1. Give region 203-239 a look and list any residue that's in a helix (DSSP H, G or I) and within 27 Å of A184 (Cα to Cα), or say none.
2. Could you figure out which of (1) among the acidic types (D, E); (2) surrounded by 13 or more Cβ atoms within 10 Å (Cβ to Cβ); (3) more than 16 Å from ligand 1 (Cβ to nearest atom); (4) more than 25 Å from F64 (Cα to Cα) isn't true of D205?
3. May I ask you to list pairs of residues, at least six apart or on different chains, whose Cβ atoms are under 7 Å apart, with the first in region 32-49 being closer than 18 Å to P174 by Cβ and touching a residue at least 40 places away in the same chain (Cβ under 8 Å) and the second being among the aromatic types (F, W, Y) and more than 6 Å from ligand 1 (Cβ to nearest atom)?
4. Looking at region 1-49, which of its residues are outside any strand (DSSP E or B), more than 11 Å from ligand 1 (Cβ to nearest atom) and within 24 Å of M206 (Cα to Cα)?
5. Name the residues in region 164-175 that are within 16 Å of ligand 2 (Cβ to nearest atom) and either part of a helix (DSSP H, G or I) or on the phi > 0 side of the Ramachandran plot (or both), would you?
6. Exactly one condition in (1) crowded, with 17+ Cβ neighbours inside 10 Å; (2) in a loop (DSSP other than H, G, I, E, B); (3) in contact with a strand residue (DSSP E or B) (Cβ under 9 Å, 6 or more places away or on another chain) is false for I178; which is it?
7. May I ask you to verify whether L131 is under 30 Å from P230 (Cβ atoms), buried (at least 16 other Cβ atoms within 10 Å of the Cβ) and in contact with a strand residue (DSSP E or B) (Cβ under 9 Å, 6 or more places away or on another chain)?
8. If only one of E238, E203, E232, E207 is of a type in the set (D, E, K, R), touching a strand residue (DSSP E or B) at 6+ places or on another chain (Cβ under 8 Å) and free of Cβ contacts under 8 Å to residues at least 60 places away in the same chain, which one is it?
Amino acid sequence: MTVALEASGLSKHFGALHVTQGVSLSLASGARTALIGPNGAGKTTLVNLLTGVLKPDAGTLRLFGEEVTQASAAVRTRKGLVRTFQISSLFAQLTVFENVYIAVAQAAGRGFRFWHAAGRQRDLLERTERLVLQLQLQSDMHRRTAEIAYGRQRLVEIAIALALEPRVLLLDEPAAGIPSNELALLHDAIGSLPAEIAVLMIEHDMEMVRRFASQVAVLVNGALLMCGKPQEVMSHPEVQSVYLGTAGKKRFDGALAHA
Ligand SMILES: Nc1ncnc2c1ncn2[C@@H]1O[C@H](COP(=O)(O)OP(=O)(O)OP(=O)(O)O)[C@@H](O)[C@H]1O
Ligand SMILES: [Mg+2]
């Protein structure tokens, strides 16, 4: 089993606030790991440390055995560590196809100048088409991104992330803001991610966690409380007590009943 991503003792503080406290977490190739924890637990900060948006005060990060602790976000992306882009990074006035094409072209090192019709290249067009089909976006592919449903826009983000050929993919709350009647598409998209990619998903919706994860990591006050099989972790008294009295409790119990 190949270790794709290995964080050891990652720590980060902002002033007196210790937001990440000695987090060690390892993802094998093909991992489906959910990162859960209450609001403010430090989940997004951890993803920022993994992607290189933030540099840790202590600890190391390895990507396929190679140390990348001090590497920039861009270098990490080239090495296959990709996170989903936020909506704001989509070109709202361009079509879905164009947005995905630009990412495919950039990943191929051919950038913007190849956007002009004369420069469009068959291999890139085909790859774009495959991604559009994979995310089931074909009915929207020639519409401007700004005009399509919010849930579909988030699928475009996933298509763009996949265009960058990730070997490790980080999804920070992919379901956030998606109306429940559009969630099925996201479930399909996440369920059909290439098997060999290691995926770490931050998610509050325990039903999504239950469907997705083969490993669940629980972050509380910046430290990893537990990491293990979903049923074991989610039924553990310490994990349950973390969620007691929080808004997530009901959904948490609901998902447990199915676990
Ligand atoms: N740049 C920063 N400067 C100071 N404090 C920060 C900074 N970024 C995050 N924090 C604080 O660190 C803590 C963890 O924040 P973080 O956003 O990582 O939590 P989270 O688990 O992603 O929360 P949520 O579930 O709400 O998304 C919070 O108390 C937050 O206010
Ligand atoms: Mg967050």
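1. Matches in region 203-239: M206, E207, M208, V209, R210, R211, F212, P230, Q231, E232, V233, M234.
2. Here D205 clears every test but (3).
3. Listed by first residue and then by second, the contacts come to R32/F212; A34/F212.
4. Residues satisfying the conditions are S29, G30, A31.
5. E173 - this is the single residue of region 164-175 that is within 16 Å of ligand 2 (Cβ to nearest atom) and either part of a helix (DSSP H, G or I) or on the phi > 0 side of the Ramachandran plot (or both).
6. Failing condition for I178: (3).
7. Answer is no for this residue.
8. Result of the check over E238, E203, E232, E207: E238.
The values are calculated or read from the model by the stated rules, or taken from the named source; none is laboratory data. Everything quoted here is computed from the prediction, not taken from an experiment. Positions of Cβ are generated from backbone atoms using ideal geometry, with glycine treated the same way; all protein chains shown enter the neighbour counts.
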